[in-house]
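Working notes for the structure below.
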Amino acid sequence: MSRVRLVNISKHYGPTLAVDQVNLDVVEGEFVTLLGPSGCGKTTTLRMIAGLIEPTTGQILFDDQEVTNLPPNGRNIGFVFQTPALFPHMSVADNIGFGLSVKGRPKPEINAKINEMLKLVDLAGYHDRLPRQLSGGQQQRVALARVLATNPRVLLFDEPLSALDRNLRETLKYNILDLQRRTGKTAIYVTHDQSEAFAISDRIAVMNQGRIEQLGSQTDIYLHPQSDFVAEFIGANNRLDGRILEGGSGERTAVQAGALTLQCPMRPDLKAGDTVAAYIRPEDIAVLKNDDHNYRNVFEGAVEQIIFEGSVAQLRVAVAGQTFRVDVSGTERLQLLNHRGQIQLGFNEVTLIPIQQAQ
Amino acid sequence: MTTTTLTKSSTKGAGQARFNSRRLIDLLSHLYIWFCLLLFVAPFLALFNYSLQQGTSGIYTLSNYSYIFGSFTNNLLTSLRVSALAISINLLITLPAAYALVRYEFPGKPLLLSAVTLPLYTPAPVLGLGLVLTYNFSYGLITSIWGLVFAMVVGTFPLMLIPIVVALKDLPLVFEEAALCLGATRWQTYFKIVLPLIGPGVSAGILLCFIIVFNEYLVTLFVAPPSVQTAPLRVFNLVRTAGIQNTTAALAAFMQIVSFTAVILFFRLFGSRYLKGTYLI
């Protein structure tokens, strides 16, 4: 239960810069996710917090204690790896008790802790099993118990669900969140899966090329991406480049993008004449039935392709030379399956990102 | 109708033919395996047979074996002592060396790895002669058991090193990282996690080392002082001076049995539990 601060952390591997001047302040009990594509430096950052990698420059602080040069065994952290990494020659109980036994704690205390932890992760009675006798999800739960048994100051997760199948991922991610909430521990979680990040985080740090591009709550990141990269990474796949027209108010403005004129919410740092990228998320676009006047932007287009993915149908619609991706959910998607020809699209949400800043 | 019955019977006939030819191949391959086995074991069986006789009289007795425990005990003990010492020194050298070679990057690593395996490609007389010349500087090494022990270490430590290096390479780093993150020191991590998990490699190294050292006589011939006579050397000397005696054959057979037992014990103990990969989850 510590505050974790990273101050200007960088990591060089020869000429390559893996992590570039990262600053992060995680308050006590907070759940922060480092989100980004592979190679963005998120795992390197996490491993530096754990002490498995030494930063080239910068400082790491737990509360007010500087831990930058402490080895992992001096930091009192709990690290959950991509694989459960249970010690294969030890029973479940010995795995969970390992952290306490290397610290020389008395046997009764260790045993009590093992029982408590097994109950916590819902595996009571599994003491004598060997790791290979457990399923992947059970193994990862034992790994969680093993980490929590040492009462760490901070929990670190390195894509702990990536090796599991989808249904298991769903349940286990809420198990992780639940355990973190119940123990009140500060947690830093690394993932490349945005829906995972949105589901469990208090705050999300989107990373790209070794830097934190944007740090904020789920809704901040989702509704107000600050850069091209963030907008695209969280799935705003429709991008139109254009110019802001004269005559907008402080709240709203119009953007000329090719043949289309878009009505958009204005950003205070933009002015008429600026070139911008306008992002529209596929799930924000509705397929209109009759004349629906709830939308500020209404365009007609031709359906080029329909991909049925079960819970959503993905449409590619050509509008004035641009191809829009539209995700349709609900019963509507079933009616659209055999639809060809013209349809009407409507949307309100448009995110503007200034192009100079994004470059 | 007729066509179906026809095809049925013909497939059955073909099946039977195939079955017969498969049986024949089975039989031949079994014969081949037994023949090879016999070929390998024949010298030992001849030796064993001879060691149980009195002269060539055809009278079978165990007295040769009781004789070796009286007369050759010292030689056997010397062999065991040399083996134990060589294995211990080898472990002290190779365990840290293997860890450094696998877990750390340093300049000249590939060169070092090929350099340390050099003794494997060196003919025993070359090694023996080299060691004699080297030992000239130290009276202590020529006159005690240690000269022989070090000679054995030089000759066998690659055999110990390589299985340990392979086992360490196969061991994912994540176990050590997990142990460190749980608060274990580097020593605790090594002894509680790494060493048990590379157990198969270490024990394979020990086995190889034991078999070679226990049976080695050529290098021993060069470096052993007259006061130190190992069992293989005694066999060699006896055959050279007294011809092939039944008692000598008994000693040779006994050494063979010791080596066999070591191998069988190894596979009983480690073959089941460890060789099948404890750390492969």
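None of the figures in this text is laboratory data; all of them are computed from the coordinates on show. Remember, predicted model here, so these are calculated numbers, not experimental data. For neighbour counting, all protein chains shown are included, and Cβ atoms are generated from backbone atoms with ideal geometry for every residue, glycine included.
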Add +1 for every Lys or Arg and -1 for every Asp or Glu among the other residues with Cβ under 11 Å from the Cβ of A:Phe229, and state the total.
-2
Using bins 5 angstrom wide from zero, how does P(r) for the range A:1-151 break down, in % of all Cα pairs?
2, 9, 16, 18, 16, 14, 12, 8, 4, 1, 0
Within the range A:247-337, trypsin sites (Lys or Arg not before Pro) in DSSP loop having at most 14 other beta-carbon neighbours inside 10 Å
A:Lys271, A:Lys289
Using alpha carbon centroids, what distance separates the range A:154-223 and the range B:38-68, in Å?
74
Expected max-MSF residue from A:Thr57, A:Thr44, A:Thr186 in the GNM of chain A (alpha carbon, under 10 Å) is A:Thr57
Along the charge dipole of the protein assembly as shown, Cβ charges K/R +1 and D/E -1, which of A:Ala278, B:Thr143, B:Ser51 sits furthest on the positive end?
B:Ser51
What is the range A:152-271's relative contact order, in percent, from Cα pairs under 8 angstrom and six or more apart in sequence?
13
Which residue fluctuates the most in chain A, going by a Gaussian network model with Cα springs under 10 Å, if the choices are A:Gly247, A:Gly235, A:Gly51?
A:Gly247
Just name one of A:Phe98, A:Pro37, A:Phe198: the one whose Cα is farthest towards the positive end of the charge dipole of chain A (beta-carbon charges, Lys/Arg +1, Asp/Glu -1).
A:Phe98
Charges at C-beta only: +1 for Lys and Arg, -1 for Asp and Glu. How large is the resulting dipole of chain A about its Cα centre, in Debye rounded to 20?
1080
Tell me the mean residue ellipticity at 222 nm calculated for the protein assembly as shown from its helices only (DSSP H runs of n ≥ 4, each -39500 (n - 2.57), averaged over every residue, nearest 500).
-15000 deg cm²/dmol
Amide hydrogen neighbours beyond the local backbone of A:Arg75, cut-off 5 Å, H modeled
none
Choice from A:Gly250, A:Gly14, A:Gly41 with maximal GNM fluctuation in chain A (Cα, 10 Å cutoff)
A:Gly14
Quick note on B:Phe175, B:Phe44, B:Phe266, ordering by fewest other C-beta atoms within 10 Å, gives B:Phe44, B:Phe266, B:Phe175
Under 25 °C and 0.890 mPa s, how fast does the range B:39-160 diffuse according to Stokes-Einstein, given a Kirkwood radius computed over C-alpha pairs? Answer in µm²/s, whole number.
136
Residues whose modelled amide H sits under 5 Å from the amide H of A:Leu34, counting only those 5 or more places away in sequence or on another chain, are A:Tyr189, A:Val190, A:Thr191, A:Ala205
Distance in nm between B:Arg240 and B:Tyr190 label points, each 7 Å along Cα→Cβ, equals 4.2
Given unit charges at Cβ for Lys, Arg (+) and Asp, Glu (-), the dipole magnitude of chain B about its Cα centre in debye, nearest 20, is 820
Whole-Hz ³J(HN,Hα) for each residue in the range A:327-338, computed from phi via Karplus 6.51 cos²θ - 1.76 cosθ + 1.60 with θ = phi - 60°, x for glycine and proline: what do you get?
9, 10, 10, x, 5, 3, 5, 6, 5, 7, 3, 9
Put +1 on the Cβ of every Lys and Arg and -1 on every Asp and Glu Cβ in the range A:227-340; which of A:Ala236, A:Ala320, A:Asn297 then has its Cα farthest towards the positive end of the dipole?
A:Ala320
In whole angstrom, how far apart do the alpha carbon centroids of the range B:199-223 and the range A:39-103 sit?
41
Over the C-alpha atoms of chain A, what are the Rg and the largest Cα-to-Cα span, Dmax, in Å?
24.5, 76
For A:Arg129, distant residues with modelled amide H under 5 Å away
A:Val92, A:Ala93
Expressed in µm² per second, the diffusion coefficient of the range A:234-313 from the Stokes-Einstein equation, with Rh the Kirkwood radius over alpha carbon pairs, at 25 °C and 0.890 mPa s, is 170
Counting alpha carbon pairs within less than 8 Å and at least 6 residues apart, what relative contact order, in whole percent, applies to chain A?
16
Around A:Gln65, with a cut-off of 11 angstrom between Cβ atoms, what is the net charge of the other residues, counting Lys and Arg +1 and Asp and Glu -1?
+1
Rounded to the nearest 20 debye, what is the charge dipole size of the protein assembly as shown about its Cα centre when +1 sits on each Lys and Arg Cβ and -1 on each Asp and Glu Cβ?
2760
37 °C / 0.692 mPa s Stokes-Einstein diffusion coefficient of the range B:72-273, Kirkwood radius on C-alpha pairs, µm²/s
177
Counting other Cβ atoms within 10 Å, which GluC sites (Glu not before Pro) in the range B:104-212 have at most 10 and lie in a DSSP loop?
B:Glu105
In angstroms, what radius of gyration and Dmax does the range B:20-107 have, counting Cα atoms only?
23.7, 66
Nearest-ten-degree value, helix A:92-101 long axis tilted from longest Cα axis of chain A
70
Given contacts defined as C-alpha pairs under 8 Å and at least six residues apart, what's the relative contact order of chain B, whole-number percent?
28
As an exercise, use a Förster radius of 51 Å and the Cβ-Cβ distance of B:Ser66 and B:Ser138 to find the FRET efficiency, rounded to the nearest 0.05.
0.80
Only sites in a loop by DSSP and with at most 14 other Cβ atoms within 10 Å count here; which GluC sites (Glu not before Pro) in the range A:205-299 make the cut?
A:Glu246, A:Glu251
State log₁₀ I(q)/I(0) for the protein assembly as shown at q = 0.06, 0.07, 0.12 Å⁻¹ as given by the Debye formula over alpha-carbon point scatterers of equal weight, solvent excluded.
-0.59, -0.73, -1.20
